[in-house]
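The values are calculated or read from the model by the stated rules, or taken from the named source; none is laboratory data. Since this is a predicted model, take the numbers as computed values, not measurements. Here the Cβ positions follow ideal geometry from the backbone for every residue, glycine too, while neighbour counts run over all protein chains shown. Note: areas computed on protein heavy atoms with side chains; ligands, DNA, RNA excluded. Shrake-Rupley method; radii C 1.70, N 1.55, O 1.52, S 1.80 Å.
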Amino acid sequence: MRTELHPLGQGGKRHYTDVDSHETRVGPRASCWSSTDDVFVDGMSLTTTVIEHDQGDPDAFRDEIDAAVTLALAVAGLLFPLASPILVLVKASGLVTDFFNWLVGTDDDLVGRSTVVLSDDDLLAYSTWGTIDYSEKVGGASTGLPYHFLSKAGGAYVVAFTVDRDPDAPKPDPGPVL
């Protein structure tokens, strides 16, 4: 088993950035699986996971949120002195801070996950076929994204894969020439 993160070493970036609707990011290409004939085992499975990168930290603004909650509860205690003991308990529980921290949602979000299972016959066929250019359904615009097979994650994200064979597959015999 192997994990390959993308983009792969592209200027030190660990994430594709500023991806909007109907935009395409191509490459860099990276091998995500390889085998040799002597260890080849009846195909492969490939799981694609697409994650929206937010802050990458569920507690990125927790201190600021906690300070705002503390201030709000202090003001509420001044306006409603009889409620002060309850407000102290509310603050001590941390639930209000936890709730607003959750609402802000600065952790990375799983967009979708898809698994494709390919037999050795599938891989052999893909390695001998040319690639297809992915075109969006909206207007049929070409994306410049060549592929043999796709993995769709979350319904809106498409990850394209090509199968390369090294050495190239033998060319079929053209048959008798008349």
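In what order, largest first, do V50, V117 sit by accessible area if the probe radius is 1.4 Å? Present the calculation step by step, with values, prior to reporting the outcome.
Details: V50 20, V117 110 Å².
If we order V50, V117 from most to least accessible, we get V117, V50.
Kindly write out, for the range 68-77 in residue order, the coupling ³J(HN,Hα) from the Karplus curve 6.51 cos²θ - 1.76 cosθ + 1.60 (θ = phi - 60°), rounded to whole Hz, with x marking Gly and Pro.
Ordered by residue, 3J(HN,Hα) equals 5, 5, 4, 5, 4, 5, 5, 5, 4, x Hz.
Give me the net charge of G144's neighbourhood, meaning all other residues with Cβ under 11 Å from the Cβ of G144; Lys, Arg count +1, Asp, Glu -1. Walk me through the numbers on the way to the answer.
Values: positive: R25; negative: D133.
Value of the local net charge: 0.
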